[in-house]
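See structure below.
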């Protein structure tokens, strides 16, 4: 089963199947042809009034941007053709396959996530695995990189409660890293180095991932069936959120996703991509190939790789392993941001990570498909500023034409530029069609497969598509501005903050929206006014762009509104199959969440008011014992220096709440010092923290253990010997 | 029900051992809370429901310089409370353990109870108690290669059941069965196997100066070879000699 990758040559490319080669060739030819046609049309448009040097600059820019949307369109078309084909070749292993399953670790890296929801998901997946009868093949690792002291302690408490209440043949381990080196990639690498040898495969999940047991078993079976398969990615479907923005994303991903994913599979074949979670990986191959290289130069574009997934897939492919997308696997879910702000915060991280990949595009040894994945990631963000640059250059080019042609009115120049010309109209319609037609493909596939009822029926589905299209037109300019800002900031050397995601339906109030989108609104109003004054003929053409900016504040509030999302749900709009018939795994998750923490709103919040886990770990011996055992097991104790200890001792007079959040985590990592605080608290009884502070300040410190102290009363006496006293 | 009688602190261990009996009595009675008050300034055994603890009398019952009979008594109280907080409620265990731990703390410091700083002794005793509880975990998990990587859930229930701890060896079958259900591994044993280092891939050829210089050098060699050949063919001197 296990192969020895060290025997593999540095670069191997598995033989491609005939269909993949044909698919790639067809997509390349179609993309190239349509792009050249578009360029020819564009040349005709700009050459009406003569071509100036600025317009010449727009030509390659247009080629790149138009080619990009053409490629996306052609991919979707390929997906449509495959989806409508009567028999789709699958790689499913027959259910009668009796081979015992290899050992598989399920990794759940967490970073300051809501522990209640994380462990409720763990419990639901555990129950789902138990139901398959194959739980013994799996072990779950909750790999915490949490830096918030309270969240860390709540994770420990949630883990211990889970262990007390659940009986399963699948073990659940909890590990907290003292230092989150390498972020998520470093977290997973740490697992591979310490425990990877015990497992043939690992399923990597996100903190918000929810995958059914039968899906995980099937993923494992498929990996076992193909010795060259390095990564198998199950497409994660976003579900479970209620805001309008989240429901739009959920609907779009569930309806349009399959067509695009199938088209992607047509050209990617065995050189597919990995999206960082909801995928199964071969541990040996990962350990051999996927140590992330350090990029030359300084951050933000150099240094440690932030978005690890694409690079890991490329490195696997580089060493001859297959990376595939299992488009037919179901019940693999994730959650999505609920507001534009949360989405933007997430995008900011992804943007820096993807832009870093730009330097890998031109590095040796990568498969062309892997390079295309990198390009795709870069263009996801760079396309926005490039479009804006393209429009600016067009306007400048138009202005230059205006200056060079004496006495020409704006209307005349617009006419020369061809805005009313049939070629320009054709180009515009073609561009719009490239963007909109894939939505029709997806609708057609859904209807042809008889799945319209899963999306609220034929009328509901159609209305939802229209609504989603309208919303995406409004959102695009807003996102374009943000993406442009991120890209500019990163290219100018600014780095992004890597913070935990906000995953709850928190909504957006008007004041926050005004604060965040006020500038954008003013810019939109100014641009509209300027255009109305200078060239009112262009107003209609630019109206979708300008409307998004001018209406950004109400759009942000409406998008973040859970009540609006629920209202549309009641009206049967933007429905997804899981909202009509919840899956078993979701039912299990909500049942666990409710059983343990009450209503969802309560479970989504942090600690109950007045409950301070940090205070509790100092006061409560059981909680302290749990923490010290977890710290000891993970070998993660990091002693504080004497000066910091002294400052904390002085702060303790006002109680643990006086200790700032940054120091709290440091205290939790120092097992010995925490014990000092804990024990001092014990002798202070109910007299409050002032007593603890005084005791800490005037008593001798707990000295490092002497050999005599280190071996407390004889080992035999650890068991009770009644009467020995 | 309120009972009171004088008690010598030295009887602490014995009286602690009677905790369960007292608790039982109180639960039998119609009163939900009982204070067994022993006349004198030293200690008061307070029981309520399942709780039972020794407290020095008066407001300043547990601080430094409190009117406890001695630092040793305070340390005994602390350790007893601490063990009970861990769910170790069996009187025999408390009786035995408190005395042993405090004695050990005194012995380790090499001082007698009168000259030793009270807080220091109490802290040292508590530290030994904490160590002992940790060690108890390790010793209970006898089957594991690395007991430190384990945590016993519902530890309190296990320890508070006297029948389990009265056995000669904890690893007897019945206890092991119970332990197996309650012991959970925090993490498995690590077997370090490092990731294979990946060098940063070099830039593709055209983006490297070396690639161009090599190309140029090769082209030059090729050109020179062609020129030499041509020279030989036409019978003239080679170019290199001319240079």
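The values are calculated or read from the model by the stated rules, or taken from the named source; none is laboratory data. Since the model is a prediction, treat every value here as computed from it, not as a measurement. Cβ coordinates were reconstructed from backbone atoms using ideal geometry, including for glycine residues, and neighbour counts include every protein chain displayed.
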Scanning the stretch A:380-418 for residues that are under 30 Å from residue A:350 (Cα atoms) and at pLDDT below 60 gives none
Among helices (runs of 4 or more DSSP H) completely within the stretch A:555-648, the ones holding 3 or more residues that are closer than 30 Å to residue A:665 by Cα and either within 14 Å of another protein chain (Cβ to nearest Cβ) or at pLDDT below 90 (or both) are A:584-597, A:600-604, A:613-619, A:621-633
When you check residue A:323 against the structure, is it away from chain B (no Cβ under 14 Å) and either at pLDDT below 95 or part of a helix (DSSP H, G or I) (or both), yes or no? no
*In the stretch A:289-299, is there at least one residue being in a loop (DSSP other than H, G, I, E, B), within 14 Å of another protein chain (Cβ to nearest Cβ), touching a helix residue (DSSP H, G or I) at 6+ places or on another chain (Cβ under 8 Å) and crowded, with 22+ Cβ neighbours inside 10 Å?*
yes
(message) Looking at the structure I just gave you, is residue A:138 more than 27 Å from residue A:350 (Cα to Cα) and at pLDDT 90 or above?
(response) yes
- [ ] For the stretch B:177-188, indicate whether the set of residues that are within 9 Å of chain A (Cβ to nearest Cβ), touching a helix residue (DSSP H, G or I) at 6+ places or on another chain (Cβ under 9 Å), at pLDDT below 85 and assigned to a helix (DSSP H, G or I) is non-empty.
- [x] yes
Does the stretch A:256-273 include one or more residues that are surrounded by fewer than 20 Cβ atoms within 10 Å (Cβ to Cβ), at negative phi, more than 23 Å from the chain's Cα centre (by Cα) and in a helix (DSSP H, G or I)? no
Reported set for the stretch A:187-224 where residues are under 18 Å from the mean Cα position of the chain (by Cα) and either more than 26 Å from residue A:326 (Cα to Cα) or assigned to a helix (DSSP H, G or I) (or both) is A:187, A:188
- Would a scan of the stretch A:163-170 turn up a residue that is at the interface with chain B (Cβ under 10 Å from one of its Cβ atoms) and closer than 18 Å to residue A:109 by Cα? no
Considering the stretch A:23-58, residues that are on the phi < 0 side of the Ramachandran plot and not in a helix (DSSP H, G or I), and then whichever is modelled with the lowest pLDDT, we arrive at A:49
Being closer than 23 Å to residue A:372 by Cβ, surrounded by fewer than 22 Cβ atoms within 10 Å (Cβ to Cβ) and within 38 Å of the chain's Cα centre (by Cα) is the requirement here; does residue A:63 meet it? yes
A careful count of residues in the stretch B:190-227 that are within 14 Å of chain A (Cβ to nearest Cβ), touching a helix residue (DSSP H, G or I) at 6+ places or on another chain (Cβ under 6 Å) and not in a loop (DSSP other than H, G, I, E, B) gives 2
Flagged in the stretch A:300-319 as away from chain B (no Cβ under 11 Å) and within 20 Å of residue A:196 (Cβ to Cβ), in numbering order, are A:308, A:309, A:313, A:316
Among the residues of the stretch B:48-71, are any modelled with pLDDT of 75 or more and away from chain A (no Cβ under 12 Å)?
yes
Within the stretch A:661-673, residues loosely packed, with under 13 Cβ neighbours inside 10 Å and in contact with a helix residue (DSSP H, G or I) (Cβ under 8 Å, 6 or more places away or on another chain) come out as A:661
Determine whether residue A:193 is under 22 Å from residue A:223 (Cβ atoms), touching a residue at least 40 places away in the same chain (Cβ under 8 Å) and surrounded by fewer than 21 Cβ atoms within 10 Å (Cβ to Cβ).
-> yes
Over the stretch A:328-340, the set of residues surrounded by fewer than 21 Cβ atoms within 10 Å (Cβ to Cβ) and in contact with a helix residue (DSSP H, G or I) (Cβ under 7 Å, 6 or more places away or on another chain) is A:330, A:331
Meets criteria (more than 9 Å from every other protein chain (Cβ to nearest Cβ), at pLDDT below 80 and crowded, with 18+ Cβ neighbours inside 10 Å) for residue B:111: no
Could you tell me whether residue A:522 is under 25 Å from residue A:249 (Cβ atoms) and part of a helix (DSSP H, G or I)?
no
Return yes or no: is residue A:345 in contact (Cβ under 8 Å) with a residue 40 or more places away in the chain, over 15 Å from residue A:366 (Cα atoms) and crowded, with 22+ Cβ neighbours inside 10 Å? no
In the stretch B:76-101, anything more than 17 Å from residue B:119 (Cα to Cα), crowded, with 24+ Cβ neighbours inside 10 Å and within 7 Å of another protein chain (Cβ to nearest Cβ) is listed as B:90, B:93, B:95
